[in-house]
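Encoded as structure tokens, the structure appears first; notes follow it.
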């Protein structure tokens, strides 16, 4: 692993670029119509700049996106942890198909720099494997990219040939996880956030020993706050302890599960309901994009509201909901929306969902 920035080289589709030659990437943009290549060039300019710091942006899934200033040294340590765990070596092919404005995309590049990986560039889209006809050693994707790839036979074959695939940026529902479990390669769900510079724990989704629990890196120490939210002590990637908004359960062997976000709890008539738990239960019966949120209610304080993208046999869905959910978890209203709002990193935009629920006049 090369942790000296001044000595690092980026191998991009077989061609080597150093801090002295990355300007060639800027020249390539005139002959290659790829704004994504320009984004990569700008990130590398920032990376090789003398400053030990770099600015990263949060996803904004629960509020307004914010910018954080982080140490490049800590980003390299995060990259080292992942590359060592997955046993990635110099020359291994790694796919970059994540937006570079967020930490997930940036960290794919940093892993390539630290481990000497051969970076394969694909503009972020719902089908990142559409034009790849060779095996990859490493890739990082969001759940939607994996789901879409599984629907196309050629892309599914390519997906199954990625030696190490990590999936982050959103929840993996039971149906998708079941499909993933049948694939022969090594696939992991990740847990982390911008503040931890990508993931600090992984959960194996397939193979002989799939797990329902996340396994933290050995350098990470976890505990719970009085509100049962996860506290992360990861000195290699965070300067201070991080008190998260993720409600968790930690087990005796050090593994953990995430139950949902503290700020995704709806207090309806004094009963606390975890949004993610309700969505997980509804997933098998709603075949379109949807989200559980709340609206202001004079009697209950907050009323559970289901946002759904289209009118899909709503009466049938209502009856199924009554059978699946206890009364206190059942949506008081269903709101039809043109589309469920998502953040740029592929997560449900919870703040925007609440606004839709409270402003919409199309309620059932």
Return the residues of the range 258-303 that are at positive phi and touching a residue at least 40 places away in the same chain (Cβ under 8 Å); say none if nothing qualifies. 269
Looking at the range 126-145 only, could you name the residues that are surrounded by 22 or more Cβ atoms within 10 Å (Cβ to Cβ) and outside any strand (DSSP E or B)? 128, 129, 142, 145
Based on what the data block shows, is residue 184 touching a residue at least 12 places away in the same chain (Cβ under 8 Å), outside any strand (DSSP E or B) and surrounded by fewer than 15 Cβ atoms within 10 Å (Cβ to Cβ)? yes
The lone exception for residue 98 - which of (1) closer than 21 Å to residue 216 by Cβ; (2) buried (at least 23 other Cβ atoms within 10 Å of the Cβ); (3) touching a strand residue (DSSP E or B) at 6+ places or on another chain (Cβ under 7 Å) it fails: (1)
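The rows are residues; the columns are (1) closer than 20 Å to residue 70 by Cα; (2) at pLDDT below 95; (3) surrounded by fewer than 17 Cβ atoms within 10 Å (Cβ to Cβ).
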{"position": "191", "(1), (2), (3)": "yes, no, no"}
{"position": "194", "(1), (2), (3)": "yes, yes, no"}
{"position": "199", "(1), (2), (3)": "yes, no, no"}
{"position": "202", "(1), (2), (3)": "no, no, no"}
Which condition does residue 162 not pass, out of (1) under 15 Å from residue 108 (Cβ atoms); (2) touching a helix residue (DSSP H, G or I) at 6+ places or on another chain (Cβ under 9 Å), if it passes all the others? (2)
Go through the range 139-185 and report how many residues are at pLDDT 95 or above and on the phi > 0 side of the Ramachandran plot. 0
Mind checking which pairs have a first residue in the range 226-253 that is closer than 16 Å to residue 75 by Cα and a second that is surrounded by fewer than 16 Cβ atoms within 10 Å (Cβ to Cβ), Cβ under 6 Å, 6 or more apart or different chains? 233/221; 233/241; 236/219
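The values are calculated or read from the model by the stated rules, or taken from the named source; none is laboratory data. Quick caveat: nothing in here was measured; it's all calculated off a predicted structure. Cβ atoms come from the backbone with ideal geometry, glycine included; neighbour counts cover every protein chain shown.
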